[in-house]
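*Asks:* Provided herewith is a single structure, encoded as C-alpha cells, for subsequent inquiry.
The values are calculated or read from the model by the stated rules, or taken from the named source; none is laboratory data. Small disclaimer: the values here were computed from a predicted structure and weren't measured. Cβ placement follows ideal geometry from the backbone for every residue including glycine, while neighbour counts extend to all protein chains displayed. When the accessible area is computed, the model is the full protein with side chains, heavy atoms only, and any ligands, DNA or RNA have been set aside. Shrake-Rupley method; radii C 1.70, N 1.55, O 1.52, S 1.80 Å.
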2 protein chains.
Amino acid sequence: MAVTDIATRTWDHNWRLDPIVRSLLDTDFYKLLMLQMIRHLHGDVDATFRLINRSTSVRLADVIDEDELRAQLDHARGLRFAKKELIWLAGNSFYGQERMFSGDFIRWLADFQLPPYKLHRVDGPFELTFDGPWTHTTMWEIPALAIVNELRARAALRDKGRFALDVLYARGKAKLWDKVERLRELPDLVISDFGTRRRHGFLWQRWCVEALKEGLGGRFIGSSNVLLAMDNDLEAIGTNAHELPMVMAALAQDDAGVAAAPYRVLEEWQAHYGGNLLVVLPDAFGTAAFLRDAPAWVADWTGFRPDSAPPIEAGEQIIAFWQRHGRDPRDKLLIFSDGMDVDSIERVYHHFHGRVRMSFGWGTNLTNDFRGCDPDGAAGLEPISLVAKVTRANGRPAVKLSDNPAKATGEATEIARYLRIFGADGRAQSAVDV
Amino acid sequence: MAVTDIATRTWDHNWRLDPIVRSLLDTDFYKLLMLQMIRHLHGDVDATFRLINRSTSVRLADVIDEDELRAQLDHARGLRFAKKELIWLAGNSFYGQERMFSGDFIRWLADFQLPPYKLHRVDGPFELTFDGPWTHTTMWEIPALAIVNELRARAALRDKGRFALDVLYARGKAKLWDKVERLRELPDLVISDFGTRRRHGFLWQRWCVEALKEGLGGRFIGSSNVLLAMDNDLEAIGTNAHELPMVMAALAQDDAGVAAAPYRVLEEWQAHYGGNLLVVLPDAFGTAAFLRDAPAWVADWTGFRPDSAPPIEAGEQIIAFWQRHGRDPRDKLLIFSDGMDVDSIERVYHHFHGRVRMSFGWGTNLTNDFRGCDPDGAAGLEPISLVAKVTRANGRPAVKLSDNPAKATGEATEIARYLRIFGADGRAQSAVDV
C-alpha cells in the first residue's frame, strides 16, 4: 500500500503562503526585556527602525520578490501572542528569577501587534522602515530580519532539484555536527544560540538548536529565540542591545547628554533587572571611550558583551578595566557574540580560560552556514550582514559608532559630532562578514 | 493544524515486520542470466550454497536475532515475481538485445519461489545453507546476503536516538556526494552499481543509485540490482559469477575435466549470450593459470572482469594476453569490481586510460560506507566480507582458489588438489576488507 495523506496533498496543490514567522515569540529574548523597560520609562518615545544591508554586493531587490516580502510582513502583522505563550512568559523563570515580566506588561502584550511597515523601492534597493512608538517598532527588528534572510534563502533554492536540496541539507548537518564535535573538546564551554536574526530559516535554526542540545549537553545553556526556548525547555538568553544608548543619545539635549547616555541606560537597566542580566554592551560609541569615562559602579556589573572590537583585544581592555577598579575578573563574565565561529571560539576560549568567566553567543555561523554545501556550487546562500537599526528617535537622528567603522550607522554629520564627543580611540576598520 | 495520518500511525503501533527483500527482482542481474543457462543445460544439478563470513572478528550470531533472521528469510520465501516484473523482463532490452529471456524461461519464473533454507546454530556462528536444485538455490545468494547485512545494520542502529540517526545519514550522504564530485573529474568514466549484496539497506542503496544517476549522468551506466534498474529506467548490469566454473569443476570426472571446466563454462555461455555479455571472470582457479591454458578463441571475448588480483597487475596480465593473441586492447573491455572505492578507481582509471576500455563495478564502498559517520563513534556499521558460495554440486565438493588465498573456499584436501591441477602462479595473499 502506498501511503499518501490525500488531504495534505490537496492542501499542498493549493499552496498560498508558507509563513516565515508564525509566532510573536519567534524573536530574541532581549527584545522582551528591553520592551518592558521601554514601555515603563519611554512609552512616549517614537523610534524609526530601518533595514540596512551592509553587504552591498548583494542586491536584495534583485533576489526577493516584493509581493512575497509584503505577504510575509503582512502575515507577521496578523500575529498575536497566543494565550499559552503569555502564560509561559508569566510562569517561567528567566535567569533564575520568577516573575521577570510584570502582570501589567503581560496584559499589555495580549493586545500587541506589529505596527505598519513602509516598503519602498525606487530604482534601487528596498527601503524597509518602521515608524511609530518605540514600544512597537522595536519589535520589528527580529521578524523583519528573519523574513528577509529566509526569503533570500528560499530564492536561492527555488530552482534546485529535489536531490540537490537533499545533498545541501545533508552537508549542512554534517558540517554543523563536525563543529559540535570540535566544541566538545572544550570542557568548560558555555555557549548559546544567538542565530535568530540571520538564520537560513526557522526550521533550520530549530535543527541547529536541537543539535547543540543533543551534542553539547549542559554546555549549551539556551537560545536567544524565545519560541525555541519555550518549545525545547531551554533557557531564553539575552540582555540588551545598542538601541538603548542610541535612542538615549539621540534624545539628549546637548553633547553632555550624549556623552552621559551610555551610563544613563545602565542606571535605567539596573533599576529593572539584576544578576546575570547586568551585562554591559560597551561599544555603541566605542569601547575605549566607554571604559575611559565609566563611573566606578559600572565595575559592579556582572559582565560585558564586546560586540564589534576584535574579541581578544576587547576582552583584555575590559579585564584591565575591572582590575583598575580592584575587581577579580574570575568573578566576572565576558560574552562574545560578534561573528563567532568554531575557530574564533576555540581561540578566545583558550586565550581567556581560567582568567575570566566566558560565554559565547553563536549566531550566523551557527544558523546560516551553508558555505561549500551547495552541490551546484551556486552563490546565494552565503550569509549577509543585514541589520535593522534605529535611525531616529522623536525625529532626531540616531547614531552608532561601534568599534568597527564598518558597522557605524547614522548621518555623516552626526557621526562626526559623536566622534568629537567620544573620540575615536581604539576604533579599527575590519571586514564585516556577518 | 498538525497533520498526522492516523491510519499510518496506528499501523506503525502494531509494527510486525519491515521486510528487507520485497521483490524477487531485488537481486543481481547476473543471477537471471546464469539461471536461464543453468536451467537450460544443468536443470538436473543439485547445488548447495552456504553463507560464509570472511570477517571472522565479527560474530554475526551475537548481533543478529535468530527469530528476526528466520522471519526475513521466510518473508523472502513467500515472494513471487509480480506480473509487471515478468512483463518488464520479457519486454525490456538488456545490453542492447531484445528478448534476452525466452518466453519459456519467463513462464517458468512465474512459478518460481525461493527453496527452503537450513539455519543452525550450535554454540557458535550461524550456519545458513541452501540445499536443492541449482536452479533454485542459486537464487538465494543475493537475498540471503542482503538480509544478513541489513539485519546487522539494523542491530547496530537499534539503540540510537532520532538525532544520532539524522546525523549519521546526513554524513553518509555528504560522504557519498564528495565521492561523486571526485568521480566527476574523470571524463571517460564508466561506472555501475554492484552494491546489492553488501548494502547497508535497500533504501540506502536506492539513494546511492539515485545519487550516481543525478551526479554522474551518462557516466553512470546502470545497476546490477534488477529492481532498481526497472524502477529507475537504468540498465541492468552483470554477466556471470564464480559458481559456474566451480560447479563445472566439481562435476568433472577427473583432473583433466577440472582443468577444462573454466573454458567449458565459456563455451556454454557464448552459446547463450553475446556482445558485451562475453566477459570472462578469470580468477576462480587463478588468473595466471587461466590465461596460460586458455584456448585462442578466449581472446575473441569482449572483456575480462578481474575480481581478486590487484587490479593494475591483473589488468596488465590480461592486456598482455590480448597482445599475445594479436588483439588491440583498445577494442577490449576490463571491468574492475573487487572492493573498489574512489581512490582505487582513480588510480586504475589513470593507469589504463587510453590503453583499454574500462568499466567499474562499485559495490560495498558505494552502498555501505558509513565509516566515520556514526556520531557515537560506535562500531557495527563497518562492512564485512560476507559471501554466499556454492560448496557442493551433486554432493561433490566445490572449490574456489581465487587469486587471493584469503578468498579461497572449499575443503582443504580439495583446495590442495586444485592447486596441483592449476598451480599457484600469481596467487598472493592480501587483506579482504569487503
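*Asks:* Which value, in debye to the nearest 20, gives the size of the charge dipole of segment A:44-126 about its Cα centre, when Lys and Arg are +1 and Asp and Glu are -1 at the Cβ? Walk me through the numbers before you get to the answer.
*Replies:* Working: 12 positive and 13 negative charges, 44 e Å.
Magnitude of the dipole: close to 220 debye.
*Asks:* Towards the positive end of the charge dipole of chain A, with charges on Cβ (+1 Lys, Arg; -1 Asp, Glu), say which of A:ASN14, A:LEU381, A:THR48 has the farthest Cα.
*Replies:* Going by the Cα projections, it comes out as A:ASN14.
*Asks:* Semi-axes of segment B:162-210's equivalent ellipsoid from the Cα gyration tensor, sqrt of 5 times each eigenvalue, largest first, rounded to whole Å? Don't skip to the end; give the middle numbers.
*Replies:* Details: eigenvalues 103, 46, 8 Å².
They are 23, 15, 6 Å, listed largest first.
*Asks:* Can I ask one more? Considering protein heavy atoms only and a 1.4 Å probe radius, which residues within segment B:160-176 exhibit an accessible-area decrease of no less than 20 Å² in the full assembly relative to the chain by itself?
*Replies:* The answer is B:PHE163, B:ASP166, B:VAL167, B:ALA170, B:ARG171, B:LYS173, B:ALA174.
*Asks:* A follow-up question, please. Please calculate how many Å² of accessible area the protein assembly as shown carries per residue, with a 1.4 Å probe and no DNA, RNA or ligand atoms counted. Kindly include the intermediate steps, with their values, before the conclusion.
*Replies:* Working: 35400 Å² over 868 residues.
Ligands and nucleic acids excluded, the figure is 41 Å² per residue.
*Asks:* Next question, about the same structure. Within chain A, what's the longest run with no GluC sites (Glu not before Pro) in a DSSP loop and at most 12 other beta-carbon atoms within 10 Å? Give the range, please. List each step's numbers first, then the result.
*Replies:* On the way: sites that count: A:GLU98, A:GLU185.
That would be A:186-434.
*Asks:* Over its Cα atoms, what ratio of radius of gyration to 2.2 N^0.38 Å does segment A:318-434 give?
*Replies:* Working: Rg = 18.3 Å, N = 117, 2.2 N^0.38 = 13.4 Å.
After normalising by residue count via 2.2 N^0.38 Å, the value is 1.36.
*Asks:* Once you compute Rg and the Kirkwood Rh from C-alpha atoms, what is the Rg to Rh ratio for chain A?
*Replies:* Details: Rg = 21.4 Å, Rh = 22.5 Å.
We get a ratio of 0.95 for chain A.
*Asks:* Treating the beta-carbon of each Lys and Arg as +1 and of each Asp and Glu as -1, no other charges, what is the dipole magnitude of chain A about its Cα centre, to the nearest 20 debye? Could you put the intermediate results ahead of the total?
*Replies:* Values: 53 positive and 60 negative charges, 26 e Å.
That gives a dipole near 120 debye.
*Asks:* Then there's this: Between segment B:45-61 and segment A:401-415, what is the separation of their alpha carbon centroids in Å?
*Replies:* 74
*Asks:* Then there's this: Give me the percent of accessible area attributable to carbon and sulfur for segment B:75-135, probe 1.4 angstrom.
*Replies:* Details: 1670 of 3350 Å².
Carbon and sulfur: 50 percent of the exposed surface of segment B:75-135.
*Asks:* Same structure again: What Kirkwood hydrodynamic radius do you get for segment B:327-369 when you take the inverse of the mean 1/r over all pairs of distinct Cα atoms, in Å? Before the final figure, lay out each step's value.
*Replies:* On the way: mean 1/r = 0.0915 Å⁻¹.
One decimal place: 10.9 Å for the Kirkwood radius.
*Asks:* Further question: Once the label point is set 7 Å along the Cα-to-beta-carbon vector, what list of distances in nm do you get between A:ILE6 and its counterparts in the other copies?
*Replies:* Spacings between copies for this position, smallest first, are 1.7 nm.
*Asks:* Still on this structure: Determine the percent antiparallel among the DSSP beta bridges restricted to the protein assembly as shown, to the nearest 5. Walk me through the numbers before you get to the answer.
*Replies:* Working: 38 of 70 bridges.
Bridges in the protein assembly as shown that DSSP calls antiparallel: roughly 55 percent.
*Asks:* Please name which of B:PHE130, B:ALA170, B:PRO143 has its Cα lying farthest along the dipole of segment B:113-192 towards the positive end, using unit charges on Cβ (Lys, Arg +1; Asp, Glu -1) and the Cα centre as origin.
*Replies:* Among B:PHE130, B:ALA170, B:PRO143, the one farthest towards the positive end of the dipole of segment B:113-192 is B:ALA170.
*Asks:* Using a label point 7 angstrom from Cα along Cα-to-C-beta, what distances in nm, from shortest up, separate B:GLY326 from the other copies?
*Replies:* 10.7
*Asks:* Based on Cα coordinates alone, diagonalise the gyration tensor for the protein assembly as shown, multiply each eigenvalue by 5, take square roots, and list the semi-axes in whole Å, largest first.
*Replies:* Working: eigenvalues 945, 145, 126 Å².
The answer is 69, 27, 25 Å, longest axis first.
*Asks:* In 10 Å bins starting at zero, report the fraction of Cα pairs in segment B:292-381 per bin as a rounded %.
*Replies:* Cα pair-distance distribution for segment B:292-381, in percent: 16, 42, 23, 12, 7, 1.
*Asks:* Still on this model: To the nearest 20 debye, what is the magnitude of the charge dipole of segment A:1-78 about its Cα centre, counting +1 on the Cβ of each Lys and Arg and -1 on the Cβ of each Asp and Glu?
*Replies:* On the way: 10 positive and 13 negative charges, 49 e Å.
Here segment A:1-78 has a charge dipole of around 240 debye.
*Asks:* Using a label position 7 Å from Cα in the Cα→Cβ direction, what is the ascending list of nm distances from B:GLN113 to the same site in the other copies?
*Replies:* Those separations, rounded to one decimal, come out as 6.7 nm.
*Asks:* Loop only by DSSP, 12 or fewer other Cβ within 10 Å of the Cβ. Give me the chymotrypsin sites (Phe, Trp or Tyr not before Pro) in segment A:1-39 that pass, ordered by residue number.
*Replies:* A:TRP15
*Asks:* Residue farthest toward the positive end of the dipole of chain A, with Cβ of Lys/Arg at +1 and Asp/Glu at -1: which of A:LEU334, A:GLN429, A:TRP207?
*Replies:* The residue sitting farthest along the positive end of the dipole is A:TRP207.
*Asks:* Taking the alpha-carbon set of segment A:98-217, what are its Rg and Dmax in Å?
*Replies:* Final numbers for Rg and Dmax: 19.1, 53 Å.
*Asks:* Right, another one. Report the accessible surface area buried between chains B and A, summing both sides, using a 1.4 Å probe on protein heavy atoms only, in Å² rounded to the nearest 100. Provide the component values of the computation, followed by the final result.
*Replies:* Values: alone 18540 and 18530 Å², together 35400 Å².
Using a 1.4 Å probe on protein heavy atoms, the buried area is about 1700 Å².
*Asks:* Could you calculate the contour length gain from A:ASP254 to A:ASP159, that is, 0.36 nm times the residue separation minus the distance between their Cα atoms, to one decimal place in nm? Spell out each step's value before the answer.
*Replies:* Details: separation 95, 0.36 × 95 = 34.20 nm, distance 5.44 nm.
Roughly 28.8 nm would be gained on extension.
*Asks:* Give me the log10 of I(q) over I(0) for segment A:295-335 at q = 0.15 Å⁻¹, as the Debye formula computes it from C-alpha points; what are the numbers?
*Replies:* Rounded to two decimals, the profile gives -0.30.
*Asks:* Of the DSSP beta bridges with both residues in chain B, give the percent that are antiparallel, rounding to the nearest 5.
*Replies:* On the way: 19 of 35 bridges.
In chain B, approximately 55 percent of DSSP beta bridges are antiparallel ones.
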